[in-house]
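What follows is one structure encoded as structure tokens, with my remarks underneath.
Taken together, the values in this text are just the output of simple stated rules run on the coordinates, not laboratory data. Since the structure is predicted, the reported quantities are computational estimates derived from the model, not experimental observations. Here the Cβ is made from the backbone with ideal geometry for all residues, glycine too, and neighbour counts use every protein chain on show.
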Protein chains: 2
Amino acid sequence: MDPMQRIEQALSAALSSTEVPGAPPRLAAAMRHAVFPGGARVRPRLCVAVALACGDDDPGLTDAAAVALELLHCASLVHDDLPCFDDSPMRRGVPSVHSAFGERLAVLSGDALIVLAFQALAAAPARHPQRLASLLGLIARGVGQPHGIVAGQAWECEPQVSLRDYQRAKTGALFAAATMAGAEAAGGAPATWRALGEWLGEAYQVADDIRDVAADPLLLGKPVGRDQALGRPSMAAAHGLLGAVAHFQQLVERAAAAVPDCRGAARLRALVRAESERLVPAALCDQLAQTHARAVA
Amino acid sequence: MDPMQRIEQALSAALSSTEVPGAPPRLAAAMRHAVFPGGARVRPRLCVAVALACGDDDPGLTDAAAVALELLHCASLVHDDLPCFDDSPMRRGVPSVHSAFGERLAVLSGDALIVLAFQALAAAPARHPQRLASLLGLIARGVGQPHGIVAGQAWECEPQVSLRDYQRAKTGALFAAATMAGAEAAGGAPATWRALGEWLGEAYQVADDIRDVAADPLLLGKPVGRDQALGRPSMAAAHGLLGAVAHFQQLVERAAAAVPDCRGAARLRALVRAESERLVPAALCDQLAQTHARAVA
């Protein structure tokens, strides 16, 4: 099965498992709205790609890990969009959860999606309980204090912010959890997969900064220029757009080089480069270089 | 060690594990504020009491389960207190998290406490990975959709509410998770311990309704009369105070009768009755009966 189709099916099964008689229906609807239709499903695709490269000998556990990662990511988007944070009216081209269902159900659906991530892990076929225990720790650490994505968001509430701590936690942590979880689910060695996730996470964050400044709002499905409007730390703001693009390309090469030796290494490296083209198209880089050349001429 | 001391130490260790260099300090402070000083620690005490009654042969796992239950409870209080829900300025006699740290850190500290609950489970000594997998499922189900405490809170956002569904999810689910988790952590049979948790949860909810109408705000550490002010479903409002007290006493007896046969059964039943006296003192019942007698005279 195509990995994307596999992920959508597993996500759908996880949501459906909670949609039973006796469940509050508006919470169910808000949770579904937060997860479908999805974005690029970058983290679960990364998890599945690494698991496949490691043999994927327990696909049910891989699916559970991929589902958990995506649900945690969706939960973070719902809470980041809240009025007290970004106050985003739109997400992925449709109204954000709080716009569609109100603030209370946005808080609760984020909470419920966090918990559903762990319910999905618990519901995985119990073929490798020791792997499950390790997965639980890996994934929870990618989200919580001190260095996970919730900590990353919390850096926005601090008077002083280290750009590196902020971006590592806000994006890098869940990417690293994704590669390590893919390895762990398939019986591989998670530690050797951490660097790939960290470089990709950093690249993704820089790409997001670039797109926030440079890209077309229709392509992103959310308003652009918000990081700047919200006074958020941003690589593009700190180093200029052209420097950010060069930095992005360097990070992608580091990520590709960090793929450990394994049967699927070549395929994974190709995937990393294809993903980078999707994030920051070469055409956008050329256009930025030309604009810069005209400006300094 | 005294169970209460054991719980406080385990909670303190869980919080301390996240308070490391590179962690956002205000989030750390908000999390600590949400957990210390605590309330009665009812759910973790129940978990530890059941584990002890079942032999408590893996105390590290019992502690992890107890910590997870209390952190999830604290997280729910932080989010319930948010301006979009109860807008409570106070909790346990001190400012609520959003009053002390702002709304954004209240959302994030709730999220981080939910995740820390699962980090605590993952960090338990890996002596019984199969028990851990089951604990994870038990505890997550007590919190999430369709019947956990987040679902309970979500019933407040529905146009039509079943009082039974609401109370079972809002309170009963985490009590049932507490008794079952205590049994599972000690290698017991969780299913036989579910009824005790469910009856106690229902009793606790009725007690809360009674106290919301009748008790002294200084004893509760939070404003009274809020359920009524917020238009929440309440047993005391539905059946009158005296009926609610009778119902509470009936539920406590059912809980005591639901303690399965085990070495510690007598001790557990005594604990259940002591807890009921703490929740709804006999003196309060007498006072209510007299007030009622005068009113109908």
Original post:
To one decimal in nm, how far is residue B:265 from the same spot in the other copies, if labels go 7 Å from Cα toward Cβ? Please give the shortest first.
Top reply: 6.4
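What is the mean number of Cβ atoms from other protein chains located within 10 Å of the Cβ atom of each residue in peptide A:76-86, rounded to a whole number?
3
Between residue A:20 and residue B:246, what is the FRET efficiency for a Förster distance of 35 Å, r being their Cβ-Cβ separation, to the nearest 0.05?
Result of the calculation: an efficiency of 0.60.
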**OP:** Just check region A:3-296 against the gyration tensor rule for me: Cα atoms, a ≥ b ≥ c as the square roots of the eigenvalues, rounded for a/c under 1.5, and otherwise prolate or oblate depending on whether a/b exceeds b/c.
**Re:** oblate
Original post:
Mind checking the dipole of the protein assembly as shown: about its Cα centre, +1 per Lys or Arg Cβ, -1 per Asp or Glu Cβ, Debye to the nearest 20?
Top reply: 420
Subject >> Label-point gap, in nm, between residue B:265 and residue A:13 - each point 7 angstrom along Cα→Cβ >> reply: 4.1
Original post:
What average number of partner chain Cβ atoms lie no more than 10 Å from the Cβ of the residues making up B:156-166?
Top reply: 3
Subject >> Value at 222 nm in deg cm²/dmol, rounded to 500, when DSSP H runs of n ≥ 4 in the protein assembly as shown each add -39,500 (n - 2.57) >> reply: -21500 deg cm²/dmol
**OP:** Using the number of other C-beta atoms within 10 angstrom as an exposure proxy, rank A:16, B:88, A:276 with the fewest first.
**Re:** A:16, B:88, A:276
Original post:
In percent, how large is the relative contact order of chain A, given Cα pairs closer than 8 Å and 6 or more residues apart?
Top reply: 18
Original post:
How many nm is it between the label spots at residue A:87 and residue B:191, if each spot is 7 Å from the Cα in line with the beta carbon?
Top reply: 5.3
**OP:** Note the full-extension length gain between residue A:5 and residue A:273 as 0.36 nm times their separation in residues minus their Cα-Cα distance, in nm to one decimal.
**Re:** 94.4 nm
**OP:** Determine the relative contact order of region A:75-189: mean sequence separation of Cα pairs under 8 Å and six or more apart, normalised by residue count, in whole percent.
**Re:** 20
Original post:
For a label point 7 angstrom out from the Cα of residue A:161 toward its Cβ, which stretches of region A:65-106 have the backbone nitrogen within less than 16 Å?
Top reply: A:77, A:80-82, A:84-88
**OP:** Please sort A:186-194, A:284-292, A:117-125 by packing, taking for each peptide the average over its residues of neighbouring beta carbons within 10 angstrom, highest first.
**Re:** A:117-125, A:186-194, A:284-292
